[in-house]
Amino acid sequence: MAEYEKHLYMIVYPINALVASQLDPDKFGEHYTVGGAKHYSGKVIFAELDPEYRNDAINIQRYIDMTVPHEDGSPKKTKFIKSYGVLADVDISAIQKLHLCTTNGKVLTIEPQEYTAVNEPGMIRTYQEITPLENLVVSTLDQRDFGKYITTETDSKGAPKICFTQIEFNVDHFLESNRLSELFNIDLPRVNPYKMYDCIKELKTIPNKATKTVGLGSLLRDLSFSFLRHGFWFYSPADSKFFAMPSITDLENKYYYWWKHVR
């Protein structure tokens with residue numbers, strides 16, 4: 001019988017689940033999105049964990065042992081280990097790679113790197129929380145301070161660990177273009193432009209206000225990967241990890257086969 005490498009994947013969007021699989025990342029993404037009628041129709045984001053990672057909070061080894069080829073020799077595609085709240089039980093240090101899968105099953109793999117950007121203080125940024133929260137948030141905090149704030153400084157709006165991204169959204173252009181308009185417009189799907197306008201104005205007029213929640217649902221289903229800025233952050237009180245999106249130049253040259261499916 002054929003031998004297959006066993007992988008440990010943590011899906012972070014559209015659900016948060018831990019899955020063992022004998023499929024490599026490209027095949028796993030394809031299987032999850034277009035491999036069968038029971039699977040999800042839309043983009044998928046999943047992380048590849050150290051295959052040796054184990055945690056007393058999750059019985060990983062039991063399901064790894066059950067991840068074996070079928071009788072006909074074909075690989076076991078998915079063996080769900082846990083189907084909710086996984087990030088809370090996973091050490092961020094165990095996350096090795098992040099995979100971005102388009103709606104038609106094309107996978108881009110991105111690597112962790114140090115986030116060294118020098119950020120403009122007080123600039124209003126738009127964050128999409130991915131898991132376990134799914135809020136759309138505007139904030140005067142930069143990415144590092146936002147991650148720390150959500151995981152250590154607020155109980156009412158936070159979580160012990162979080163994955164989030166930043167949306168490419170020009171706040172000043174939005175304010176100016178709607179300043180004299182009776183009907184507001186916004187280049188984001190399913191976002192109330194009047195709510196966004198009010199949230200931004202509140203951040204600008206209340207000095208000690210650091211965050212405002214614009215919406216409670218994720219935009220990722222309707223938002224192209226091309227709208228995401230910088231990449232993805234995983235944060236906990238003790239650790240963090242950043243996965244950078246490739247530059248536009250690299251997307252258009254090195255990764256064009258993937259890029260052409262997301263624009």
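Just so you know, all these numbers are worked out from the coordinates, no wet-lab data involved. Fair warning: this is a prediction, and the values are worked out from it, not measured in the lab. All Cβ positions, glycine included, derive from the backbone under ideal geometry; neighbour counts span all protein chains shown.
Would you calculate, for the chain, the mean residue ellipticity at 222 nm contributed by helices, counting each DSSP H stretch of 4 or more residues as -39,500 (n - 2.57) and dividing by all residues, to the nearest 500?
Working: 7 runs with 53 residues, N = 263.
Rounded to the nearest 500, it is -5500 deg cm²/dmol.
Sorted by packing (mean other beta-carbon atoms within 10 Å per residue), highest first, where do 73-80, 93-100 land?
Values: 73-80: 15.4, 93-100: 19.2.
Per-residue mean Cβ counts within 10 Å order the peptides as 93-100, 73-80.
Scanning the chain for helices, which whole DSSP H stretches are 27 Å or more long along the axis (Cα) and average 0.0 or more by Kyte-Doolittle? Numbers along the way, then the final one.
Numbers: long enough: none.
Answer set is empty.
Find which of N16, G35, Y53 sits farthest along the positive direction of the dipole of segment 1-73, computed with +1 on the beta-carbon of Lys and Arg, -1 on that of Asp and Glu, about the Cα centre.
About the Cα centre, the residue reaching furthest to the positive side is N16.
Going by amide H atoms built from the backbone, whose H comes under 5 Å of the H on V90, apart from near neighbours?
Those qualifying (amide H under 5 Å, at least 5 residues apart or on another chain) number zero.
Sort 158-171, 184-197 by packing, meaning the average of other beta carbons within 10 Å per residue, with the highest value first.
Values: 158-171: 19.2, 184-197: 15.6.
Order by mean packing, descending: 158-171, 184-197.
Which of the peptides 102-110, 128-136, 56-64 is most tightly packed, and how do the rest follow, judged by the mean count of other Cβ atoms within 10 Å per residue? Write out the running numbers ahead of the final one.
Values: 102-110: 18.0, 128-136: 20.6, 56-64: 14.0.
The packing order, highest mean first, is 128-136, 102-110, 56-64.
Which value, in debye to the nearest 20, gives the size of the charge dipole of the chain about its Cα centre, when Lys and Arg are +1 and Asp and Glu are -1 at the Cβ?
Details: 30 positive and 34 negative charges, 120 e Å.
Dipole magnitude for the chain comes out near 580 debye.
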